[in-house]
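The values are calculated or read from the model by the stated rules, or taken from the named source; none is laboratory data. Remember, it's a predicted structure, so these values are computed and weren't measured experimentally. Here the Cβ positions follow ideal geometry from the backbone for every residue, glycine too, while neighbour counts run over all protein chains shown.
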Amino acid sequence: MSLTAAAHTVPRRVADLGRDSHVLLIAALAYYLGAEAAFFVGTLSDKIFAPFWPPNIVLFCALLLSPYRRWWLFILAVFPAHVLAEIRVGMGTPQLLVAFATNCAVAAANAATLRRLIGGPPWFGSLRNACLYIAVTAAVVPAIVALGGAFVPIMSAGSAEHYWSFWAQWYLSNAVASLALGPVAIILLSERKRWWRRFQPRHAVEATLLTAGVIAACTVACMASEAAIPRGFLPALAYLPLPFVLWAALRFGAAGAGGAVLLLSANLIWHALNGPSLFLTGDAETSVLALQAVIIGLSIPVLLLGASIDETRHAEATARESEERMALAAVSANVCLWHVDYKSDRFWVTNHGRELLGLRPHDAVSRHAVMSMIHPDDRQGAVAALQAAASAGSLATCEFRIVRPGDGQIRWVRCRARALGNDRGAPAEVSGTFADITEQKATEIELARQRQEIAHRLRVSMLGELSGGLAHELVQPLSAILSNAEAARILLARDPPDLNEVVEALDDIISENNRASDVIHRLRSLLKKSEARFEPADINEIVNSTLRLLHNELITRHVRVGADLAAHPPRVMGDAIQLQQVLLNLILNATDAMDDIAPAHRLITIKTRITDAGQVQLEVSDRGVGLAPACQKRVFQPFFTTKERGLGLGLSLCSAIVKLHGGALTLSNNKAGGGATATFTLPLVNQREAAE
Ligand code: ADP
């Protein structure tokens, strides 16, 4: 240690001394009282050696629960107590010093080893900790230190021949103290606050009954053995206190086990040394040895039982806490947890889930009852999603309506579930969550309604802009009909009338009428305000009908159109009117973008194709001004427009429609030749869907 470090350490140690003085005093007093208690319970024939030696446990506890740097303070503090106690029983100075050295050695070795192996409280919180405690403090450490401790009686005129019997006495008295007093003392000192919090008056009553039971059982066992009980029944008497000891361990865990073992040990030792005793086998020494063996044999399983009980309770409490925490988190997220066992058909759901499903808090619910609550239109989809997830072992997500049994209220539910498949791949157990999305669904439905409304109004305004061209489309067939009708009248007025020509004129009238009604039909469907209807639609057909609709507009604005359409009809599942609206918008935007371009260069190319990924792709390219860099990111924002009379809603609406159809819309500048290209992809409809 450097000089500066030492200079810092000395004042710190003095400060420790001041702060700990009362603790040190308590430790010294406890050490002294422990020795006195040991002498009161009884000493062996040398009047010095006690079969149950608490002072070492006092020092061990002090060292175990304080930092290493304060150990020397405790050792110093208990020394006077040791001297006082041993002088009172007539121990000479050399023995007294050796005894103190071995006491310190066993306490320090126990404390240091346990701190290293267990770390900290709860020292008896698990079976592992209790095993380590027993192995260290009742087996290995006292057995080693007893090699030195055995010299104390030899130094007090004991014979060296009896070294191993002194070793056994020293070892057993320390092992018994570690098992009988150590656990109670450690739990009391390090975990008393936790214990006190849980302690209730009924526990005090139970503990008092247990104490009385142990004392009474020990007394009866010892007294009875004195009386005329047949010899063969004597071992059975040793079991008399056992029910009380086990009761204490089962009810109060390690603390109860430790307390009962302490009470039992002190009682039996006192009886062994002061009689009458169950263990009187001749001389007191031998009886005490037999008794110590019994105490060690009994206390080890009882302490392990107590520790296991604590461990189980702790695990239960942790599981309960985490369950409560999960339930709280689930309620905060408006989610409820559920579990279903297919074998028993039992359905478990959190209270929040019961409220959602309209179930009473304690009603037993079967899986079938819950399935029957699903709206009939959604049931098949929900079952299919769950079964698919079960066979794939993945997470299923589906949305469905629940019709609450009590009030018939409909709630929208988002269900996430994970199934644990049984051997045959069918679900055996399913766990998951329900989230109430009724409000979200209502908002979504309202948004969809508003979007449809806007889409309709935009269509109407778009057609309003096209009205000139459309009127022209109608005027043409109408004037053709008129001229054909006039021609027919003239032909009929001839003598003889040329009926063949009249028939041709009538045929023309019919075909022009069809042309006109075709225009009106297309206009009507675009102007009609109707619910979106998803059905198989041919994108090529939509392109052709849109171009027919825009025929005049494009001619008037000197725009040529080149169509490069997929040979195999690219069919998608969607609403043809909405998709046509998207196309109309893209073509009109392309036309607008070419307003400032020389008419000869105004060209729109429309391409449809089926991609390798099985998607339908549609491109509308123009040779217009293209997108300015600042606009590129904003074109899909509602109300963004660069046109004098633009609304800025077209692209955002088109993007929403394409998204609704499971696709994506992009608009970017062409790599070469100027202009921009709008592209959207949609999932190709498969044959089965089309047939359905
Ligand atoms: P509006 O047509 O009413 O302006 P849109 O949402 O359809 O609304 O278009 C937003 C803006 O995107 C247009 O004002 C224009 O600046 C830009 N834009 C759209 N299509 C093209 C295109 N093909 N070429 C260049 N710019 C385009």
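Leu237 - would you say it is over 22 Å from Glu36 (Cα atoms), under 43 Å from the mean Cα position of the chain (by Cα) and assigned to a helix (DSSP H, G or I)?
no
Test each condition in (1) among the hydroxyl-bearing types (Ser, Thr, Tyr); (2) away from the ligand (no atom under 11 Å from the Cβ); (3) assigned to a loop (DSSP other than H, G, I, E, B) for Thr642 and report the one that comes out false.
(2)
Which one is farthest from the ligand (Cβ to nearest atom), of the residues in region 560-574 that are within 27 Å of Ile454 (Cβ to Cβ) and touching a helix residue (DSSP H, G or I) at 6+ places or on another chain (Cβ under 8 Å)?
Among residues in region 560-574 that are within 27 Å of Ile454 (Cβ to Cβ) and touching a helix residue (DSSP H, G or I) at 6+ places or on another chain (Cβ under 8 Å), the one farthest from the ligand (Cβ to nearest atom) is Met573.
Regarding region 624-634, can at least one residue be identified that is crowded, with 21+ Cβ neighbours inside 10 Å and either within 9 Å of the ligand (Cβ to nearest atom) or farther than 19 Å from Ala532 by Cβ (or both)?
Checking region 624-634: at least one residue is crowded, with 21+ Cβ neighbours inside 10 Å and either within 9 Å of the ligand (Cβ to nearest atom) or farther than 19 Å from Ala532 by Cβ (or both).
Checking Lys671 against (1) more than 11 Å from the ligand (Cβ to nearest atom); (2) surrounded by 14 or more Cβ atoms within 10 Å (Cβ to Cβ), only one condition comes out false. Which one?
Of everything listed in (1) more than 11 Å from the ligand (Cβ to nearest atom); (2) surrounded by 14 or more Cβ atoms within 10 Å (Cβ to Cβ), Lys671 misses just condition (2).
Hey, any hits in region 252-270 for a residue that's in contact (Cβ under 8 Å) with a residue 12 or more places away in the chain and farther than 18 Å from Leu179 by Cα?
Scanning region 252-270, I find no residue that is in contact (Cβ under 8 Å) with a residue 12 or more places away in the chain and farther than 18 Å from Leu179 by Cα, so the answer is no.
I'm trying to understand the selection: among the residues of region 646-660, which are in contact with a Phe, Trp or Tyr (Cβ under 8 Å, 6 or more places away or on another chain) and either outside any helix (DSSP H, G or I) or away from the ligand (no atom under 11 Å from the Cβ) (or both)?
Scanning region 646-660 gives Leu647, Gly648, Leu649, Val658.
Give the residue, chosen from Leu491, Leu549, Leu506, that is touching a helix residue (DSSP H, G or I) at 6+ places or on another chain (Cβ under 9 Å) and under 30 Å from Ala590 (Cα atoms).
Sole residue among the options that is touching a helix residue (DSSP H, G or I) at 6+ places or on another chain (Cβ under 9 Å) and under 30 Å from Ala590 (Cα atoms): Leu549.
For region 499-511, which positions are among the β-branched types (Val, Ile, Thr) and surrounded by 17 or more Cβ atoms within 10 Å (Cβ to Cβ)?
Matches in region 499-511: Val502, Ile509.
In region 289-326, what residues are within 15 Å of the chain's Cα centre (by Cα) and either surrounded by 16 or more Cβ atoms within 10 Å (Cβ to Cβ) or among the polar types (S, T, N, Q) (or both)?
Thr318, Ser322
Do the conditions hold for Ala672, that is, is it more than 22 Å from Val543 (Cβ to Cβ), modelled with pLDDT under 90 and more than 44 Å from the chain's Cα centre (by Cα)?
yes
Restricting to region 610-622, give me the number of residues that are among the charged types (D, E, K, R), more than 9 Å from the ligand (Cβ to nearest atom) and modelled with pLDDT of 95 or more.
Looking only at that region, the number is 1.
Does region 580-602 include one or more residues that are more than 12 Å from the ligand (Cβ to nearest atom) and among the acidic types (Asp, Glu)?
Taking every residue of region 580-602 in turn, none turns out to be more than 12 Å from the ligand (Cβ to nearest atom) and among the acidic types (Asp, Glu).
Can you tell me how many residues within region 80-112 are within 59 Å of the chain's Cα centre (by Cα), over 17 Å from Phe39 (Cα atoms) and surrounded by 16 or more Cβ atoms within 10 Å (Cβ to Cβ)?
11
Return a yes/no flag: does region 320-341 have any residue that is closer than 23 Å to Ala207 by Cα, in a helix (DSSP H, G or I) and in contact (Cβ under 8 Å) with a residue 24 or more places away in the chain.
No: region 320-341 contains no residue that is closer than 23 Å to Ala207 by Cα, in a helix (DSSP H, G or I) and in contact (Cβ under 8 Å) with a residue 24 or more places away in the chain.
So that you can scan it fast, the table gives a plain yes or no per residue for (1) surrounded by 12 or more Cβ atoms within 10 Å (Cβ to Cβ); (2) over 30 Å from Gly646 (Cβ atoms); (3) assigned by TED's automatic domain parsing to the domain that holds Ile610:
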{"site": "Leu447", "(1), (2), (3)": "no, no, no"}
{"site": "Glu453", "(1), (2), (3)": "no, no, no"}
{"site": "Ala485", "(1), (2), (3)": "yes, yes, no"}
{"site": "Leu491", "(1), (2), (3)": "yes, yes, no"}
{"site": "Pro497", "(1), (2), (3)": "yes, yes, no"}
{"site": "Asn513", "(1), (2), (3)": "yes, yes, no"}
{"site": "Arg522", "(1), (2), (3)": "yes, no, no"}
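Only one residue in Gly406, Gly381 is assigned by TED's automatic domain parsing to the domain that holds Leu357 and at pLDDT below 85, so which one is that?
Gly406
Can you pull out every residue in region 485-504 that is in contact with a Leu (Cβ under 6 Å, 6 or more places away or on another chain), among the charged types (D, E, K, R) and at pLDDT 85 or above?
Across region 485-504, the qualifying residue is only Glu501.
Being within 24 Å of the chain's Cα centre (by Cα), charged (D, E, K, R) and more than 19 Å from Glu429 (Cα to Cα) is the filter; apply it to region 339-380 and report the residue that is surrounded by the fewest Cβ atoms within 10 Å (Cβ to Cβ).
Only one residue fits best here, namely Glu355.
Select from region 198-213 the residues that are hydrophobic (A, V, I, L, M, F, W, C) and loosely packed, with under 14 Cβ neighbours inside 10 Å and write down the one among them that is nearest to Pro241 (Cα to Cα).
Within region 198-213, the match that is nearest to Pro241 (Cα to Cα) is Ala212.
Would you call Ser479 among the hydroxyl-bearing types (Ser, Thr, Tyr), in a helix (DSSP H, G or I) and exposed (fewer than 12 other Cβ atoms within 10 Å of the Cβ)?
Taking the combined requirement at face value, the residue satisfies it.
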